[in-house]
Amino acid sequence: MTNKITEFLKKGLKQKVYPGFVLLVARKDDIVFFHNAGKRALTPKPLPMEKETIFDLASLTKPLSTTLAIMKLVDEDLLGLDITISSIISPFPWKDKAALTPRLLLNHSAGLTDWKPFYLELTKYPTKERKPILRRLIMEEPLYAEPKKVSLYSDLGFMLLEWIIEIITGQDLSSLLNSTFYHPLGLKNLYLDHINSDALNEKDSYAATEHCLWRKEIIQGHVHDENAYALGGYSGHAGLFGTAQDIFTLTNTLVKIYHGDSSGLLKTETVRAFFSRQGIVPESTCALGWDTPSVENSSSGDHFSSSSVGHTGFTGTSVWIDLEKNITVIFLTNRIHPSRSNEKIKDFRPKLHNLIMQEFVRDNEIVRSRS
């Protein structure tokens, strides 16, 4: 039965959708399909993909790091989702952004621009000065649209959320997540990058990403995102690294809490609130820090229920969780190695998700197969 999935993944290799991949499929606590193939690096030397390969998770940083930290603050009544950011950040001279709230930032409905190449300006300054400069630049950037009127996926909003987390906790995002989630859950290979220190593991342990024209090298072991790199390795939008197994441990913990099995890390009502589509902008699929399936052209394909949450990452990574059918799909690739011009995964990924759901979800039965 799972041979169809394996053959489809091999087809992805032949068609050069990616150099290599790790696919983990789980039903509740059980990993029912765990497969890897291809190369984690093609150059400067070929290296095989392994289940333990560590990936640059790119925008999975948003739900699995920044959103997680905000969930903790909300859970402990340290932050209200609808409090204005102007009441948190002081001084606050930016009148056009005074009414923005954490909810709007998490929901991509704050009206902020999607992305800007801040790194070109930031690298003119010492590293320790860059985040304050970045935050000023974001605040000085004109709004793309009036808040609550447009849903525009924005890195800038999550950069601001990191700032809010620092103000409220007095800790940097990395330290907070390590102490509250990653270390308590035993996640040894889920962490935020620090470019001023050696990579946490040997360079060869990582899936390579792009040959960066700006840095003039193949990126392997440190963050691909240029803005995150300029900021020291991570920001609220990118910089998380991890393995499929560690991602599953974390997401499965959230799913258990969602279904009422509280671990003490978060309250059930908190997780349910963040996993819920907000409806702030009509027809937007955004929850809080997570996405939900769209009716057409969803990266989740056609068979995930409306009670699903997920997210993708630019480097070729994704997580989709069907909260009704109890299916989790973690698909990690190095599709931008050696060039980001390869966008074949956009067509491939939903077809893979369709095949997985067709193969595994049949009258609530599941086939258990570890490849």
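Laboratory data are not the source of any read-out in this text; all were calculated from the coordinates shown. Quick caveat: nothing in here was measured; it's all calculated off a predicted structure. As a convention, Cβ positions derive from the backbone with ideal geometry for all residues, glycine included, and neighbour counts pool all protein chains shown.
List of remarks:
- Our summary gives the chain a relative contact order of 26 percent, counting only alpha carbon pairs under 8 angstrom and 6 or more residues apart.
- Shown for the chain are the DSSP H helices of 15 Å or more along their axis, judged by Cα atoms, with a mean Kyte-Doolittle hydropathy of at least -1.0: 3-14, 127-140, 155-169, 244-258, 345-360.
- Fully extending the segment from Asp82 to Asn297, taken as 0.36 nm per residue of separation minus the present Cα-Cα distance, adds 74.3 nm.
- Computing percent of Cα pairs over 40 Å apart for the structure here picks out one of (i) 21; (ii) 16; (iii) 9, namely (iii).
- Long pairs among Lys10/Lys188; Lys256/Lys325; Lys16/Lys62, criterion Cα-Cα beyond 18 Å: Lys10/Lys188; Lys16/Lys62
- Rounded if a/c under 1.5, otherwise prolate or oblate - segment 66-171, Cα gyration tensor axes: oblate
- Max mean-square fluctuation residue, GNM over the chain, Cα-Cα springs under 10 Å, options Leu78, Leu323, Leu57: Leu78
- Taking segment 1-73 and dividing mean pair separation by its residue count, relative contact order in percent (alpha carbons under 8 Å, at least six apart): 19 percent
- Ordered by the count of other Cβ atoms within 10 Å of each Cβ, fewest first, Arg272, Arg277 give Arg272, Arg277.
- Whole-angstrom gap from segment 201-276 to segment 108-155, using each part's C-alpha centre: 21 Å
- Listed by chain and number, the aspartates and glutamates placed with their C-alpha closer than 14 angstrom to that of Lys351 are Glu7, Glu296, Asp302, Glu359; residues fewer than eight positions away on the same chain are left out.
- Lys-Lys pairs in segment 66-171 that are eight or more residues apart or on separate chains and whose Cα atoms lie under 19 Å of each other come to 8.
- Two-site FRET efficiency, Lys346 against Ser90, from Cβ-Cβ distance with R₀ of 56 Å, rounded to 0.05: 0.85
- Reach of Lys45 by Cα under 18 Å, taken over aspartates and glutamates that are not fewer than 8 positions away in the same chain: Glu202, Asp204, Glu210, Glu217
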